[in-house]
Structure formats: C-alpha cells, structure tokens
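J.: I have a structure I would like to understand better, so I am pasting it below and will then ask my questions one at a time.
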Amino acid sequence: MKRMLNITTLDTAVHELILGSLSGKDLARVASTCTTFNELATGSSSISLWKSLCENLLGATVAQLHASAASPQDVANASFWRHLFKEASLLNVVRWCNETTRILRRNTVCEGSLSRDYGVASMGASAHAALVARLSSAADLIVQSEIRESEEDGAVQSHVDEHRRALQVFQNLLAERLLARTGHTATVLDTSKHIVLIGGLVSQDNAPKSLEVLIVDVKSLSIFSPKVDGHPPETRFRHAASYVSPPLSSALTACKESRDGWSLVVAFGGYNRIGQEFGESELVLLWVSPNGEKVKWDVRHLSGLAPPCRFHHTLHAINDHRGLLLVGGEGGNTAADYPQEEEPMAETQGVSAKLWLLDLVSLTWSQVQTRGAVGNETRTLHASCIHTRP
C-alpha cells in the first residue's frame, strides 16, 4: 500500500514556492485550511508573499509609497501588506496622509536649487542673500554641534537650535516653491522607485525658461533637483508624459543611457504662458539615472502622420512598450480634428481623429483604426488608463 504524502511536512522553501504562485484570494483560502498553512499564509514569514502581491497589483513604486508613509513597525508586520492588498483590490478605503507631506517638505534637498535662484527670486536680492547666508551658517553649525552637544553647553546648544529652525524654515519655503505648480506630469518609475515631475505652471516670479524636472524618492520621501545634461526643451504645461521601456530593436535604445540601465520618460504636447503649443513631430525624451540624481534631455523629430499640436491629452505605453497611444486633447487644430456639428453616435469603422499610435520600433506616428460607437465631441481634460485582459 502506497503511503500518502502529507503536504504539511514539506520543507518551508517548498511551501513558499507553492504559496508564491497563488493569487491573493487563493492565498487567503489556503490560510483557512489548517493551522500550518494559516501560519505560512498570514504569519510573520508571509511578508514577502503579500508584499509581492501588492507590488504586482499597485506597482513597486506605489507599494513603496504606502510603506514609506507608514511606521517601520507596521511595515515589518505581514498584516500591513495583507490589509493593503485587500483594500487596494476592493478599492473601498481611501486614506489621506498629512504626515507624508510634512516629511516631503522636511526632506526637500536645497543643494542644486540655490544655484539658479529658483524659489527665492521673488524675495529680492537682499533677502535672498540673507537666507543663503543663514543656510550656510546653519549647515556649518549643525555639523559642529555633534561635538558641542557632548559638552552640554546650554548657550551653544540654544544657538544651534536657532539655526536648525532657520534651516527648516528655509527648506519649507523651498519645498513650497518647488512643489506649488499645476499642469505638470508625475510619472512613476517602478524600475528605481522614483516619481518624475516634469514642467508645470508656477508663479511668474519663479517661472523657469526651460522644462524643469524634480525627482521624488518614495523610499526616503525626499524631493530633489537632479543634475541636468543635454538641451532642455522650452518650459511647458498641460502636456502628457509616460514611462516607456522600448524593445532593443528600437532606435531609442541605441544610446549609452539605455545600456547603463537608465529609465526613459517621453513627453508630448503642452503649451506655455504666451500660448505657444507643442507637438506634431516633436517627441521629448528624458533619461533618468538609476539613482535619480542625473537626467539627460533629448528631442526627436519623428515621421508619419503625427498628432497636431495639443494639450489636455493622455499618453500610454501599450503592447509591451512597443507602442505609445495618445488619446484626445485639444489645440490649435481642434476644429479640424473634431467636427463641430452634433451628430448621433453610430457604429462606425475607420480612422479616429482622437487616437494616435507611435510605433516605438520604427518611430513612426499613425492614426488608429477603430470600430464601435464613436462620438464627435471633443474629449479633453479627461483621464484614461490601459487595462490588459488576463
């Protein structure tokens, strides 16, 4: 008589391999079968299982953002990741974390921003010089304070605390000036767990002449201006951007940045303060280093039937990053794109004036063949996403 194998007696590594192949729903079901599997699926050793499920569902960067906003004690508990997966799956809980904003302000990196007088220009030269002087003095005193604190000199410590507060005030001011913007894009890089902010409309006093980049490190919850290489395009807002990972056969990968593992963000369209619109054959490329500390601009002029200049559109990588889909928007050629007469929606098939596709291998634009009920109204200031069928 053959002896039946007791699955609970297998090595822990085998159990983890089996459980790691399950969906969240099936993993929860397995936890209710017996004490052994309950411990494996919900105990302290299950953190990697639920964290992996969260990263697959939300993306590694968004999952890390949730972890950064929580306490280290919570993140070290499997229940944190299990509850995050459940809430993200059901979409029945929304949490606002004001503490995250406070940490971002505190961790705003001043270095590099002062060199272009950004964020403090509206204060006037004398006030700006005074603040920079106080910042330098504060930095020096804080370094020296490591030695002086041991002497328990109350007067010196009071002086150090005063400059620490001055430094914090300056960082808060700089954070407000860096982040107070509208019409920008925020692109998630799961490869390096960064968020890339591009462009946007800022106050007239702080408006840069070239397209600006800020990096958010979601693990440390810090914001900084990277070192910029290449030739930055003109400043703009109301554009669209998307992370792409083009195939090796694409001409976009034939550069040192691609070989060194840099991430690529592409931007299209937008306009500036004087109403100049961007688009058509121009595609803006931004390469971001793995640590986010360096970026390089490039501009390509592509062939094919490119979209007219536009803004208020959306942009998505599709087909395993072999294509880039542009949806809707408006601009100087809106009237030509969209008939103004109201016509009933009908079952039609043909070329859509609302969708363009960029082939990331041949770097050629084309309009998209569509079918189904298509309306003629302008689609702008909308939101869109890509859903992949399982």
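The values are calculated or read from the model by the stated rules, or taken from the named source; none is laboratory data. The shown structure was predicted, so the numbers you read here are calculated from the model rather than taken from an experiment. Glycine also receives a Cβ, built like all others from the backbone with ideal geometry; neighbour counts cover every protein chain displayed. All accessible areas refer to the heavy atoms of the entire protein, side chains included, with ligands and DNA or RNA removed. Shrake-Rupley method; radii C 1.70, N 1.55, O 1.52, S 1.80 Å.
J.: So which residues in region 217-236 are open to solvent by less than 20 Å² (accessible area, probe 1.4 Å) and assigned to a strand (DSSP E or B), if there are any at all?
T.: Within region 217-236, SER222, ILE223 qualify.
J.: Further, regarding this structure: Name every residue in region 268-298 that is part of a loop (DSSP other than H, G, I, E, B), open to solvent by 10 Å² or more (accessible area, probe 1.4 Å) and on the phi < 0 side of the Ramachandran plot, in order of residue number.
T.: ASN272, ARG273, ILE274, GLN276, PHE278, SER281, PRO290, ASN291, GLU293, listed by residue number.
J.: Restricted to region 178-190, and to residues that are within 11 Å of the chain's Cα centre (by Cα) and of a type in the set (A, V, I, L, M, F, W, C), which residue is least open to solvent (accessible area, probe 1.4 Å)? Please lay out each step first, then the result.
T.: Let us first name the residues in region 178-190 that are within 11 Å of the chain's Cα centre (by Cα), namely 185-190.
Then keep just the ones that are of a type in the set (A, V, I, L, M, F, W, C); that gives 186, 188-189.
On the way: ALA186: 68, VAL188: 55, LEU189: 0 Å².
Once the filter is applied, the top-ranked residue is LEU189.
J.: Restricting attention to region 299-319, report how many residues are of a type in the set (D, E, K, R) and not in a strand (DSSP E or B).
T.: 1
J.: Something else: So is ARG95 open to solvent by 80 Å² or more (accessible area, probe 1.4 Å), modelled with pLDDT under 85 and under 29 Å from PRO290 (Cβ atoms) or not?
T.: Spelling it out, it is not the case that ARG95 is open to solvent by 80 Å² or more (accessible area, probe 1.4 Å), modelled with pLDDT under 85 and under 29 Å from PRO290 (Cβ atoms).
J.: Give region 191-205 a look and list any residue that's open to solvent by 10 Å² or more (accessible area, probe 1.4 Å), at negative phi and either assigned to a loop (DSSP other than H, G, I, E, B) or not β-branched (Val, Ile, Thr) (or both), or say none.
T.: Matches in region 191-205: THR191, SER192, LEU197, LEU201, VAL202, SER203, GLN204, ASP205.
J.: Hey, CYS255 hits all of (1) under 14 Å from GLY292 (Cα atoms); (2) surrounded by 15 or more Cβ atoms within 10 Å (Cβ to Cβ); (3) of a type outside the set (Phe, Trp, Tyr) but one; which does it fall short on?
T.: (1)
J.: Let me ask something else. Residues THR348, THR388: which one is assigned to a loop (DSSP other than H, G, I, E, B), modelled with pLDDT under 85, open to solvent by 50 Å² or more (accessible area, probe 1.4 Å) and among the hydroxyl-bearing types (Ser, Thr, Tyr)? Walk me through how you get there before you give the answer.
T.: Values: THR348 fails: assigned to a loop (DSSP other than H, G, I, E, B).
Criteria check complete, one pass: THR388.
J.: Continuing with the same structure: Looking only at residues in region 1-44 that are over 24 Å from LEU84 (Cβ atoms) and modelled with pLDDT of 85 or more, which one is surrounded by the fewest Cβ atoms within 10 Å (Cβ to Cβ)?
T.: The qualifying residue surrounded by the fewest Cβ atoms within 10 Å (Cβ to Cβ) is THR35.
J.: Does ALA69 fit the bill of being under 21 Å from THR187 (Cα atoms), modelled with pLDDT of 80 or more and either touching a helix residue (DSSP H, G or I) at 6+ places or on another chain (Cβ under 9 Å) or of a type in the set (Gly, Ala, Ser) (or both)?
T.: Spelling it out, ALA69 is indeed under 21 Å from THR187 (Cα atoms), modelled with pLDDT of 80 or more and either touching a helix residue (DSSP H, G or I) at 6+ places or on another chain (Cβ under 9 Å) or of a type in the set (Gly, Ala, Ser) (or both).
J.: Which count do you get for residues in region 314-329 that are open to solvent by less than 20 Å² (accessible area, probe 1.4 Å) and touching a Leu at 6+ places or on another chain (Cβ under 6 Å)?
T.: Going through region 314-329 one residue at a time, the tally reaches 4.
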